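The values are calculated or read from the model by the stated rules, or taken from the named source; none is laboratory data. Owing to the predicted nature of the structure, the values given are computational and were not obtained by experimental measurement. Neighbour counts are summed over all protein chains in view; Cβ atoms, including those assigned to glycine, are modelled from backbone coordinates with ideal geometry.
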């Protein structure tokens, strides 16, 4: 999975110019950061579409960017913690799919599909 430079990392802000001290330079780092970054940063970036833009344009993961776009459509109805939960679940499921695909390509085995159903709150 792709790791990017510090300059290309996702830097979490709570508002324009208010960096909260958390960055992610890979999809794994992004998932970890989503667990503990402040709620204000989640809402700030989610509302602006920053997560999707970084995933699509920097990481090159169009599929995950689209999944987050789909969650964003419901954003008006979600609390900050619900947004965090939805984002984390989408990223974790996607990481599992990537790991499974990597395993299958290395071993030549097909192990079956992982459920991608994401519960809505």
Exercise for review: Identify all residues within segment 23-52 that are at pLDDT 95 or above, over 11 Å from the mean Cα position of the chain (by Cα) and over 18 Å from residue 85 (Cβ atoms); write none if there are none.
Suggested key: 23, 25
Exercise for review: Looking only at segment 42-58, decide whether some residue is more than 14 Å from residue 94 (Cβ to Cβ), assigned to a strand (DSSP E or B) and out of contact with any strand residue (DSSP E or B) (no Cβ under 8 Å at 6 or more places or on another chain).
Suggested key: no
Practice item. Would you mention how many residues in segment 1-16 are within 27 Å of residue 96 (Cβ to Cβ) and part of a loop (DSSP other than H, G, I, E, B)? Key: 5
Point to revise | segment 79-94 - residue that is surrounded by 20 or more Cβ atoms within 10 Å (Cβ to Cβ) and farther than 17 Å from residue 24 by Cα and, of those, modelled with the highest pLDDT | key: 86
Exercise for review: Test residue 90 against the stated conditions and say whether it is under 12 Å from residue 10 (Cβ atoms) and without any contact (Cβ under 8 Å) to a residue 40 or more places away in the chain.
Suggested key: no
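On the basis of being farther than 19 Å from residue 99 by Cβ and in contact with a strand residue (DSSP E or B) (Cβ under 7 Å, 6 or more places away or on another chain), does residue 23 make the cut? Show your work before the answer.
Details: farther than 19 Å from residue 99 by Cβ: yes; in contact with a strand residue (DSSP E or B) (Cβ under 7 Å, 6 or more places away or on another chain): yes.
Against the criterion (farther than 19 Å from residue 99 by Cβ and in contact with a strand residue (DSSP E or B) (Cβ under 7 Å, 6 or more places away or on another chain)), residue 23 qualifies.
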